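The values are calculated or read from the model by the stated rules, or taken from the named source; none is laboratory data. Source: prediction; values computed, not measured. Note: ideal-geometry Cβ built from the backbone for every residue, glycine included; neighbour counts use all protein chains shown. Protein only, heavy atoms only, side chains kept; ligands, DNA and RNA dropped before computing areas. Shrake-Rupley method; radii C 1.70, N 1.55, O 1.52, S 1.80 Å.
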Protein chains: 2
Amino acid sequence: MTETGPAGQHTVRRHNCALVLDAVAQSPGISRAGIAARTGLTKATVSSLVDRLLAAALLHDEGPQQRAGPGRRGTSLSLSPHGPHGLGVEIAVDYVATCLVDLTGAVHDLRIRHGDNRGQPVDLVLDKVTRAIAAARRRATRRGVAVGGIGVAVPGLVESDTGLLRVAPNLDWHGVDLPARLRRRTGPPGRDVIVGNEANLAALAELSAMGEGGPRDFVHVSAEIGIGAGIVLDGELHEGSRGFGGELGHFPVDPRGPRCRCGARGCLERLAGQEAILGSANATDLEELIQRLRDDDRAAKDAVERAATALGAALSAAVNLLDIPAIVLGGTYARLHTWLAEPLLTELRTRVVSAPWSRIEVLPSSLGTEAAVRGAAASVVRTIVADPEAFMSG
Amino acid sequence: MTETGPAGQHTVRRHNCALVLDAVAQSPGISRAGIAARTGLTKATVSSLVDRLLAAALLHDEGPQQRAGPGRRGTSLSLSPHGPHGLGVEIAVDYVATCLVDLTGAVHDLRIRHGDNRGQPVDLVLDKVTRAIAAARRRATRRGVAVGGIGVAVPGLVESDTGLLRVAPNLDWHGVDLPARLRRRTGPPGRDVIVGNEANLAALAELSAMGEGGPRDFVHVSAEIGIGAGIVLDGELHEGSRGFGGELGHFPVDPRGPRCRCGARGCLERLAGQEAILGSANATDLEELIQRLRDDDRAAKDAVERAATALGAALSAAVNLLDIPAIVLGGTYARLHTWLAEPLLTELRTRVVSAPWSRIEVLPSSLGTEAAVRGAAASVVRTIVADPEAFMSG
């Protein structure tokens, strides 16, 4: 099978190359013989593909396998931490974050630049983003690794087919072709620019951080300025046929509640968003709120409990619809987990019809506000691992 | 491969038998050679399995294939309409329905016995159900077909692993082991008794009635006394890890609304259920309501519009969470589609965050109130087709 062979052969090699890399991702430390047994490919084919993957620094040879028993030992293969890295960017309402994630999933050089992006012209914010990307690339160069692509998390509706940002209400952005605009600004980064909804990318990052022992069905809900959710069913993100799923912020909690930016009344965001909680506790920022919660301040606790009640109404609707056994609190909510979890569980136990016969857990995210930017970088890694041939010849 | 062979062989035959039957179900009119090509089994294996399936009346030989072109013509195989039938029962709040469904999905002998089952002792209702099952079996005998099993639809939370009915709020039933109790009453019907939630079974029936041209992602919502929903994602019913999904009736529409039986206020059921609509229109039954709607009666139209607004709030939350492009109105709602659809769409267009960039359809169910009992019978057919060997040796 050569690069110049017929299309069929090229497709076969592309497929086999992905099979081999996936076998290593699933079983780090596997030998060439192990890959052959696992994939059904011949040892000769495996060896030739492994050599190619080693040359592109996608795989790493760790030397002879450590194992007992007779027989010749193969060498231990794993995904290379020195291979191409995913560059993740999060464009949040009040910060821009970047990080690098290697093929093994390890995160490097996470940086957060605070600063309000609300109401700013798109180009001004993209200037900041472009500078942050350039800085992250310089850090990759200093680490001696290649950037395999750029993943971007945004707080808005992103069409999954095109990456087009339809609307980011809290940024007041409408119809922005982020992939095209960022490609123009940053030049080809080896692969493409992948844009996704921050809540969905955060849920993906959480899923892989929790690993095999974690729940396979959960709602990941996070609050910064807006409220976003990512729904994981049977170990897979469910973002819907057009990518618009996971919208929880405008859940109608109270038809007589305060007016929302969207025109409706009593949306969840207005009752349980970060600004609503700070406002209702009369706190200037999250640090102050958390300090007062630690000091058992009544007004601060009441504010969090009111938010928990509103959040419980929205999440109980999701649990009733989908019979989901776990809620993962991300973003700001992860930091408030100690005070949110109990009143939230109380509300869920009251409102979830199946609660007497089914356990519901409320877990804190281990990643907190870092989840979305990690998920954005990991989405690049995922596309490389899913199709290494496209990366190597791209 | 013989019946007395080792377990491995028995498992292989069981698997192959299901493969063959599935090939016929997917391509009615297929020949033995066609099955062999499709499944990768040898022609000898296919012939032996087909003979066995013909003998058990699961398959039907329609004679020489009608096709152009050279070569020997095989005979046309299809699922047998004279094979075992699924017997479906629906225990609704105000009726008991039964029907028979053959392997091709055709429905026979649908019977509905009206009568209020609310607050009745479970045994009294099960007496009725047992008589209805006996009558349906007699009809099967008159048709000269076997009953392959009993499927039961109930308006409550059914644990998918065990078939245990945890609660049916509108019947006031709690913790009823329906599979065990019905098995004791009816004797072995060839296969087992399968119990499921009526809204989920109705959604399944709707999915197969709409066929290939219909939507693959939709919420099927129906109202009789309660309100139930079934969620279909990518052509599969999503009933949740424990089978408790699709609960929409207690969606919190208005925290200051009328008190619900469940203890909360302003649940969807209290605002958009059949009784709420009739009460608010001051109509004695659905026929009167529909007549008045046809006569353009203001009070009747207002009542339906108020229900549509409440239903829109609940369904928009589902669409926002799951990015689902279609709503199928079942049960009573199917009959009210003409008057419900427009105000419902208006509400959805206002509340669904992605509405400006994504089409939402509101379709009437083609099955109406028959969907659940058909789905119950079809669930039996599905288990037979999925594992014909278990049926034939059972």
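Here are some notes:
- Residue in the stretch A:265-278 that is part of a strand (DSSP E or B) and not assigned by TED's automatic domain parsing to the domain that holds A:Q26 present: yes
- If only residues of the stretch A:154-176 that are open to solvent by 60 Å² or more (accessible area, probe 1.4 Å) and touching a Gly at 6+ places or on another chain (Cβ under 8 Å) are counted, the one that is farthest from the other protein chains (Cβ to nearest Cβ) is A:D172.
- Test for A:T130: is it touching a Lys or Arg at 6+ places or on another chain (Cβ under 9 Å) and in a helix (DSSP H, G or I): yes
- Out of B:R306, B:R294, B:R261, sole residue that is among the charged types (D, E, K, R), outside the structural domain of B:G196 (by TED's automatic domain parsing), open to solvent by 60 Å² or more (accessible area, probe 1.4 Å) and free of Cβ contacts under 8 Å to residues at least 24 places away in the same chain: B:R294
- In the stretch A:210-226, of all residues being buried (at least 20 other Cβ atoms within 10 Å of the Cβ) and in contact with a strand residue (DSSP E or B) (Cβ under 7 Å, 6 or more places away or on another chain), the one that is farthest from the other protein chains (Cβ to nearest Cβ) corresponds to A:S222.
- Residue identified as assigned to a loop (DSSP other than H, G, I, E, B) and open to solvent by less than 20 Å² (accessible area, probe 1.4 Å) among B:G105, B:G88, B:G83: B:G83
- Only residues that are open to solvent by less than 30 Å² (accessible area, probe 1.4 Å) and over 11 Å from A:G88 (Cα atoms) were counted across the stretch A:131-153, and they come to 4.
- Residues in the stretch A:236-249 that are out of contact with any helix residue (DSSP H, G or I) (no Cβ under 7 Å at 6 or more places or on another chain) and more than 8 Å from chain B (Cβ to nearest Cβ): A:E236 alone.
- Test: A:R118 is touching a residue at least 24 places away in the same chain (Cβ under 8 Å) and assigned to a strand (DSSP E or B): no
- Of everything in the stretch A:177-194 that is under 18 Å from the mean Cα position of the chain (by Cα) and open to solvent by 20 Å² or more (accessible area, probe 1.4 Å), the residue that is farthest from A:C260 (Cα to Cα) is A:D192.
- Scanning the stretch B:227-246 for residues that are buried (at least 24 other Cβ atoms within 10 Å of the Cβ) and of a type in the set (A, V, I, L, M, F, W, C), we see that the one that is nearest to A:I360 (Cα to Cα) is B:F244.
Residue-by-condition table, conditions (1) within 11 Å of chain A (Cβ to nearest Cβ); (2) over 26 Å from the mean Cα position of the chain (by Cα):
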{"position": "B:P258", "(1), (2)": "no, yes"}
{"position": "B:A272", "(1), (2)": "no, no"}
{"position": "B:L286", "(1), (2)": "no, no"}
{"position": "B:L293", "(1), (2)": "no, yes"}
{"position": "B:A314", "(1), (2)": "yes, no"}
{"position": "B:L321", "(1), (2)": "yes, no"}
{"position": "B:T332", "(1), (2)": "no, no"}
{"position": "B:W339", "(1), (2)": "no, no"}
{"position": "B:P356", "(1), (2)": "yes, yes"}
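- Boolean, A:T98 is open to solvent by less than 60 Å² (accessible area, probe 1.4 Å) and over 30 Å from A:V12 (Cα atoms): yes
- When restricted to residues that are outside any strand (DSSP E or B) and within 30 Å of A:L321 (Cα to Cα), the stretch B:133-161 contains 5.
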